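Below: one structure, written as structure tokens.
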Amino acid sequence: MSKQIAAQDRKLAITNLIVAYIAFIIGTFCGLLQVFVRNNSLALPAWLDYYQVLTAHGVLLALVFTTYFIYGFFYTGMSKTLGTFGKKVRAFSWFGFYIMTLGTLIAVVLIISGEASVLYTFYAPLQANGFFYVGLALFIVGTWVSGFALIGHYIAWKKQHKKQISPLFAFMTIATLVLWLIACLGVVATVLFQFIPWAFGWVDTINVELSRSLFWYFGHPLVYFWLLPAYMAWYLVVPKLLGAKVFSDSLARLTFLLFILFSIPVGFHHQLTEPGIESFWKFLQTVLTFMVIVPSLMTAFSMIATFEISGREKGARGVFGWVKKLPWKDVRFTSIFIAMLFFIPGGAGGILNASFQLNEVIHNTLWVVGHFHITVGAPVAMTFYGLTFWLIPYLSGTKLTKSMQRLAFIQIFTWAVGMFLMSTSQHILGLLGAPRRTAYSDYGNHPSTLAWFDGILTNHVTMAVGGSILFLSASILVFIVFQGLFGTKASNEVDYVEFPLAESDTTNTPRFLENWWLWIGIAFALILIAYTIPIADMIQHAPPGSGGFKTW
Ligand code: HAS
């Protein structure tokens with residue numbers, strides 16, 4: 001048991017992971033229904049609406065699964081690297097968990113009762129029941145309380161270790177939380193001051209452009225809130241599995257800081273086609289979007305360098321000899337490696353999306369759905385699976401048996417195949433003009449739409465086949481999680497699963513990298529430059545505003 005963190009911290013982490021996987025299996029089942037509806041091979045019963053299912057899918061997977069998983073991972077790593085939580089930290093973490101869960105339950109009940117089919121982006125003027133927004137607000141507040149608990153734990157460690165640079169895991173956790181806290185300001189502002197008064201009827205109209213802009217102020221950094229914990233695994237877990245050290249401690253820290261700076265003042269790249277925002281501000285935010293690509297390229301460089309160095313240390317020769325020396329039989333690694341491969345086209349697609357003219361072609365088409373499935377649905381999700389395979393046994397003290405590992409291989413390969421089929425057809429369908437966020441329609445058999453239901457690799461059938469394989473894979477994963485929770489207990493030191501955490505040499509790490517106020521200050525300066533004038537403009541020259549619409 002010596003390798004494990006304190007039992008109470010384990011309980012906290014594992015509870016978060018369990019909620020994550022409950023949301024995961026329901027959310028993936030909703031995805032399965034969607035691909036069949038879009039393919040016209042399934043008609044939902046009258047009491048269940050396509051947009052209701054789509055809302056549940058987005059909320060449960062993109063918001064609930066990711067967030068609970070991330071917190072479960074953070075709790076484990078922070079307890080491991082900074083020591084057992086104090087009473088206050090633990091109490092606040094649980095308090096945050098309860099608020100998040102209350103918010104989630106309220107939102108889910110309203111989705112199920114058909115009162116909130118507004119999709120996970122809840123764009124106005126679609127209007128849900130006011131309590132749906134209250135649920136969302138509580139969810140965010142819960143993440144803040146839990147986040148502050150972790151920040152408190154970090155501050156306590158810093159006080160006891162004056163002038164020492166923090167362990168890399170803790171630094172990355174704090175950077176991700178800083179990003180999250182700043183990002184949430186936008187969504188909290190729109191939910192509290194626009195959506196709630198409007199949905200409860202205290203005001204008649206909503207400023208649609210303002211609400212969307214505040215949403216995307218939050219919505220883009222949200223994707224890095226998902227990505228950064230995956231990057232933590234890439235920087236810290238992968239080298240350990242290779243038997244190597246972190247390639248460069250300073251580079252890893254700088255990468256995370258660049259995300260704090262550049263991930264927020266870029267939300268307009270989701271609104272390039274919208275009127276009401278002057279093109280100069282769209283241009284400025286597009287330039288900043290290209291800046292936020294840099295830390296991902298630094299990560300790619302760092303990973304390939306780690307692979308090559310460790311391979312050569314094991315005797316690899318030739319330009320690509322190191323590839324053979326990678327630990328392919330270790331599912332914890334292979335899962336993450338496939339995740340990285342998916343991020344090559346996923347990231348390249350993001351660069352295309354951010355290019356103004358190309359965005360005109362793909363905006364609001366299935367291409368975007370393809371893009372986010374090969375960013376969050378594969379690179380992030382498959383990294384989380386790679387973590388799950390050891391994290392659950394590590395926390396629950398069970399064995400990671402050979403049969404579980406075999407099953408894990410089947411799971412990651414089926415996920416990769418399903419995702420490849422589904423996302424490829426989504427990208428191609430998007431280029432052929434098929435819209436996103438729509439149920440099945442034959443579009444009056446208009447010639448330009450016939451191709452969407454024709455062909456081999458490019459149509460809705462392929463999308464449905466891919467989606468079905470994904471659901472099969474998700475079920476296998478949940479079975480593995482179940483085995484990890486309730487399987488055979490480890491009884492000796494060899495059987496205990498370890499938290500694989502690579503060493504990071506901080507000898508040459510500049511101390512200013514941990515000067516949080518400096519980075520937060522620069523981040524706010526960039527945000528003010530990118531957002532003050534356009535937001536002021538939206539308020540000052542506000543259009544009459546819109547009443548609420550319930551289109552479902
Ligand atoms: Fe995105 C829309 C631009 C990254 C998620 N994105 C979305 C939506 C989601 C999403 C959910 O500019 C839809 C939102 C909605 O519902 O409307 N995205 C970008 C850009 C990046 C990017 C520039 N997106 C992500 C990530 C996401 C994500 C990450 C989730 C986790 N995205 C956009 C734009 C839109 C958009 C527009 C709006 C489109 C529209 O019109 O609606 C960049 O961050 C990407 C940079 C990444 C790279 C890749 C680096 C590669 C790495 C792998 C290395 C591989 C290794 C293995 C080491 C440049 C790090 C090598 C091994 C060997 C053997 C070689």
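With respect to the numbered conditions (1) at pLDDT 95 or above; (2) in contact with a strand residue (DSSP E or B) (Cβ under 9 Å, 6 or more places away or on another chain), which one is the sole condition not fulfilled by residue 522?
(2)
Name the residue that is farthest from the ligand (Cβ to nearest atom), counting only residues in the range 287-304 that are over 30 Å from residue 326 (Cβ atoms) and surrounded by fewer than 18 Cβ atoms within 10 Å (Cβ to Cβ).
This residue is 287.
Might you let me know whether the range 515-523 holds any residue that is among the polar types (S, T, N, Q) and either in contact with a Phe, Trp or Tyr (Cβ under 8 Å, 6 or more places away or on another chain) or closer than 30 Å to residue 427 by Cβ (or both)?
No, that holds for no residue.
May I ask you to list the residues in the range 383-404 that are touching a Pro at 6+ places or on another chain (Cβ under 9 Å), among the aromatic types (Phe, Trp, Tyr) and under 14 Å from residue 240 (Cβ atoms)?
Passing the criteria: only 390.
Considering only the range 65-96, state which residues are surrounded by fewer than 22 Cβ atoms within 10 Å (Cβ to Cβ) and aliphatic (A, V, I, L, M).
91
Residue by residue, here is whether (1) basic (Lys, Arg); (2) surrounded by fewer than 20 Cβ atoms within 10 Å (Cβ to Cβ); (3) within 30 Å of residue 255 (Cβ to Cβ) holds:
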| site | (1), (2), (3) |
| --- | --- |
| 447 | no, yes, no |
| 464 | no, no, no |
| 493 | no, yes, no |
| 497 | no, no, yes |
| 502 | no, no, yes |
| 505 | no, yes, yes |
| 512 | no, yes, yes |
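Say whether the condition of being surrounded by 14 or more Cβ atoms within 10 Å (Cβ to Cβ), closer than 16 Å to residue 207 by Cβ and within 29 Å of the chain's Cα centre (by Cα) is met by at least one residue in the range 535-543.
yes
Among the listed residues 362, 344, 351, identify the single one that is within 8 Å of the ligand (Cβ to nearest atom), in contact with a His (Cβ under 9 Å, 6 or more places away or on another chain) and modelled with pLDDT of 95 or more.
362 is the lone residue from the list that is within 8 Å of the ligand (Cβ to nearest atom), in contact with a His (Cβ under 9 Å, 6 or more places away or on another chain) and modelled with pLDDT of 95 or more.
Looking only at the range 207-240, which residues are under 28 Å from residue 61 (Cα atoms), more than 13 Å from the ligand (Cβ to nearest atom) and in contact with a helix residue (DSSP H, G or I) (Cβ under 9 Å, 6 or more places away or on another chain)?
Matches in the range 207-240: 209, 210, 211, 213, 214, 217, 232, 236, 237.
For the condition within 10 Å of the ligand (Cβ to nearest atom) and surrounded by 14 or more Cβ atoms within 10 Å (Cβ to Cβ), what is the one hit in 333, 307?
307
So, in the range 417-436, how many residues would count as being in a helix (DSSP H, G or I) and within 14 Å of the ligand (Cβ to nearest atom)?
6
With the range 437-552 as the region, which helices (runs of 4 or more DSSP H) entirely inside it contain at least 3 residues that are over 30 Å from residue 22 (Cβ atoms)?
Answer list for the range 437-552: 447-450, 516-540.
I'd like to know if the range 368-385 contains one or more residues that are surrounded by fewer than 15 Cβ atoms within 10 Å (Cβ to Cβ) and part of a helix (DSSP H, G or I).
Within the range 368-385, none of the residues are surrounded by fewer than 15 Cβ atoms within 10 Å (Cβ to Cβ) and part of a helix (DSSP H, G or I).
Could you grab the pairs with beta carbons closer than 9 Å, sequence gap of 6+ or different chains, first residue in the range 350-365 and without any contact (Cβ under 8 Å) to a residue 40 or more places away in the chain, second one charged (D, E, K, R) and within 6 Å of the ligand (Cβ to nearest atom)?
Partner pairs satisfying both residue conditions: none exist.
Does the range 387-405 contain at least one residue that is within 16 Å of the ligand (Cβ to nearest atom), at negative phi and touching a Leu at 6+ places or on another chain (Cβ under 6 Å)?
Looking for residues that are within 16 Å of the ligand (Cβ to nearest atom), at negative phi and touching a Leu at 6+ places or on another chain (Cβ under 6 Å), one finds none in the range 387-405, hence no.
Would the range 124-137 turn up any residue that is within 19 Å of the chain's Cα centre (by Cα), touching a residue at least 24 places away in the same chain (Cβ under 8 Å) and more than 30 Å from residue 506 (Cα to Cα)?
Yes, there is a match, as at least one residue in the range 124-137 is within 19 Å of the chain's Cα centre (by Cα), touching a residue at least 24 places away in the same chain (Cβ under 8 Å) and more than 30 Å from residue 506 (Cα to Cα).
Out of 256, 280, which single residue is farther than 25 Å from residue 180 by Cα and aromatic (Phe, Trp, Tyr)?
None of the other options fit; the residue is 280.
Residues 384, 356: which one is within 13 Å of the ligand (Cβ to nearest atom) and farther than 30 Å from residue 287 by Cβ?
Only one candidate passes the filter, namely 384.
Can you tell me which residue is surrounded by the most Cβ atoms within 10 Å (Cβ to Cβ) among those in the range 357-367 that are under 15 Å from residue 268 (Cα atoms) and polar (S, T, N, Q)?
Out of the qualifying residues, it is 359.
The values are calculated or read from the model by the stated rules, or taken from the named source; none is laboratory data. Owing to the predicted nature of the structure, the values given are computational and were not obtained by experimental measurement. Every residue, glycine among them, receives a Cβ derived from its backbone with ideal geometry; neighbour counts consider all protein chains shown.
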